[in-house]
1. Out of the stretch 348-389, which residues are assigned to a strand (DSSP E or B) and either in contact with a Ser or Thr (Cβ under 9 Å, 6 or more places away or on another chain) or among the charged types (D, E, K, R) (or both)?
2. Residues ILE94, ILE73: which one is open to solvent by less than 30 Å² (accessible area, probe 1.4 Å) and modelled with pLDDT of 95 or more?
3. Would you list the strands (runs of 3 or more DSSP E) that sit entirely within the stretch 136-231 and hold 2 or more residues that are open to solvent by 60 Å² or more (accessible area, probe 1.4 Å)?
4. Return a yes/no flag: does the stretch 195-218 have any residue that is farther than 27 Å from ASP38 by Cβ, of a type in the set (Ser, Thr, Tyr) and without any contact (Cβ under 8 Å) to a residue 24 or more places away in the chain.
5. Could you list, in sequence order, all residues of the stretch 380-407 that are without any contact (Cβ under 8 Å) to a residue 12 or more places away in the chain, over 30 Å from LEU197 (Cβ atoms) and open to solvent by less than 70 Å² (accessible area, probe 1.4 Å)?
6. Please state which of the following conditions SER155 fails to meet, knowing it meets all the rest: (1) closer than 13 Å to ILE248 by Cβ; (2) among the polar types (S, T, N, Q); (3) touching a residue at least 40 places away in the same chain (Cβ under 8 Å).
7. I'm trying to understand the selection: among the residues of the stretch 13-29, which are more than 15 Å from GLY117 (Cβ to Cβ) and not β-branched (Val, Ile, Thr)?
Amino acid sequence: MSPEHFDVLHADMLEHMKGRDYYVQDLYAGADPALRLDVRVVSELAWHNLFIRHLLRRPEAAELASFLPQFTIINCPSFKADPARHGSRSETVIAINFDKKMILIGNTQYSGENKKGVFTILNYLLPEKGVMPMHCSANHAHGDKDDVAIFFGLSGTGKTTLSADPSRTLIGDDEHGWSDNGVFNFEGGCYAKTISLSAEHEPEIYATTHKFGTVIENMVYDQDTLELDFEDNSITDNMRCAYPLDYISNASADSLGGKPKNVIMLTCDAYGVLPPIARLTPAQAMYHFLSGFTSKTPGTEVGIVEPTPTFSTCFGAPFMPRRPEEYGKLLQKRIAETGAHCWLVNTGWTGGAFGTGKRMPIKATRALLAAALDGSLNGVEFRKDPNFGFDVPVSVPGVDVTLLDPRATWADGNAYDAQARKLVGMFSDNFAQYVDKIDEDVKAAAIG
């Protein structure tokens with residue numbers, strides 16, 4: 001969109017808004033005071049304003065008197081853009097102008113656009129300060145802020161679920177920065193999927209759906225009792241709840257942590273060929289970070305009715321305004337500095353591809369992650385995967401041995417081999433677009 005088109009869009013949106021009431025919040029993004037971004041949010045819908053109050057960080061009352069926004073968001077769902085007049089792709093528009101320090105949102109009621117607009121700004125600004133912005137969740141060991149784990153992943157891979165571990169302290173569930181001082185949450189709340197949510201499997205997140213002020217989005221409920229239906233996806237699979245971070249009992253009070261000891265890359269493999277966990281070298285971690293392989297799950301995008309394999313660089317391509325290699329080099333630098341252990345975790349399918357196999361048991365995923373984070377996984381025997389080259393544990397206490405060998409979970413080993421070769425080819429084709437833009441040492445190791 002040209003700057004001229006943006007100016008016309010801005011003027012037309014303001015004209016449309018004349019004479020109506022709007023809701024305003026002054027908030028900030030970034031738990032590290034030295035790196036935070038002050039944001040003013042103007043919204044047409046009251047629940048949008050409550051949503052962003054949950055999801056960004058809330059200043060103390062005394063801070064509001066001197067608050068000066070560095071960026072302003074104007075969100076007006078009743079305004080429709082005109083592609084011919086405004087240079088937009090459709091009547092729905094989310095436009096960021098870095099010169100005017102403004103985001104304009106029109107013709108969408110999806111509340112997630114508010115927070116992802118801020119995330120995109122930070123993804124552009126922070127690398128200039130040497131800070132690695134990340135689409136990840138994070139937690140640390142109770143009482144030890146230096147034992148930090150970060151969980152990269154796209155929607156539907158388990159970032160929110162797996163980081164909300166009662167045995168660890170939650171730093172945040174979606175967006176973080178990694179500076180010289182360590183990890184800090186961009187947000188002050190969580191935005192969790194609620195489809196098939198249960199008190200048994202995700203007690204902390206389930207409990208938030210019954211707390212005052214939690215925003216429930218895209219869910220069917222009983223008009224008389226207000227009871228939520230966690231299985232009815234007739235509106236969309238993208239059923240959500242938004243709540244302040246302190247609604248999680250084990251949440252960090254300051255949303256700060258030290259430098260990560262473990263870097264976990266979550267992927268939802270709809271082909272059913274990746275193991276439930278694999279140990280990565282730093283070069284392999286760079287490779288998988290730039291690849292960003294996962295599956296789009298129903299509800300994440302219009303038209304997705306079954307898991308669809310995709311590559312989303314840096315596990316968040318739509319929100320990364322800079323070249324992927326810039327973020328990749330930042331990650332490479334941080335891993336080299338800290339010596340963090342790197343892992344690839346498949347929360348997708350096992351025993352066959354989507355339609356034949358089944359989702360990876362969450363209890364097994366939790367057990368494997370616990371073993372990785374407490375260091376016990378380092379002492380088990382590993383095998384070299386013949387297709388992908390990473391190390392896979394042969395056996396882990398409390399986990400079905402068969403699950404650790406994806407080929408053994410398939411009824412037809414030859415069918416597994418064919419599917420694995422297909423995925424390896426997709427990885428190679430995707431990585432070819434970066435191979436000439438990364439450091440020679442990483443290139444050689446990653447290709448190897």
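1. As a first pass, look at the stretch 348-389 and keep what is assigned to a strand (DSSP E or B): 349-350, 358-359, 382-384.
Answer for the stretch 348-389, where residues must be assigned to a strand (DSSP E or B) and either in contact with a Ser or Thr (Cβ under 9 Å, 6 or more places away or on another chain) or among the charged types (D, E, K, R) (or both): TRP349, THR350, LYS358, ARG359, ARG383, LYS384.
2. On the way: ILE94 fails: open to solvent by less than 30 Å² (accessible area, probe 1.4 Å).
Of the residues listed, the single one that is open to solvent by less than 30 Å² (accessible area, probe 1.4 Å) and modelled with pLDDT of 95 or more is ILE73.
3. Numbers: elements: 144-152, 168-172, 175-179, 182-185, 189-193, 215-217.
Of the strands (runs of 3 or more DSSP E) lying wholly inside the stretch 136-231, those with at least 2 residues that are open to solvent by 60 Å² or more (accessible area, probe 1.4 Å) span 144-152.
4. yes
5. Listed by number, the list holds a single entry, ARG383.
6. (1)
7. If we filter the stretch 13-29 for residues that are more than 15 Å from GLY117 (Cβ to Cβ), which is where we start, we get 14-24, 26.
If the condition is that a residue be more than 15 Å from GLY117 (Cβ to Cβ) and not β-branched (Val, Ile, Thr), then LEU14, GLU15, HIS16, MET17, LYS18, GLY19, ARG20, ASP21, TYR22, TYR23, ASP26 are the ones that fit.
For every residue, the table says whether it meets (1) open to solvent by less than 20 Å² (accessible area, probe 1.4 Å); (2) closer than 12 Å to VAL8 by Cβ; (3) assigned to a loop (DSSP other than H, G, I, E, B).
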position: LYS80; (1), (2), (3): no, no, yes
position: ARG89; (1), (2), (3): no, no, yes
position: LYS100; (1), (2), (3): no, no, yes
position: ILE105; (1), (2), (3): yes, no, no
position: TYR110; (1), (2), (3): no, no, yes
position: GLU113; (1), (2), (3): no, no, no
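The values are calculated or read from the model by the stated rules, or taken from the named source; none is laboratory data. This structure is a prediction, so every number in the text was calculated from the model and none was measured. Counting neighbours? That spans all protein chains shown, and the Cβs are built from the backbone with ideal geometry, glycine included. SASA here: full protein model, heavy atoms, side chains in, ligands and nucleic acids out. Shrake-Rupley method; radii C 1.70, N 1.55, O 1.52, S 1.80 Å.
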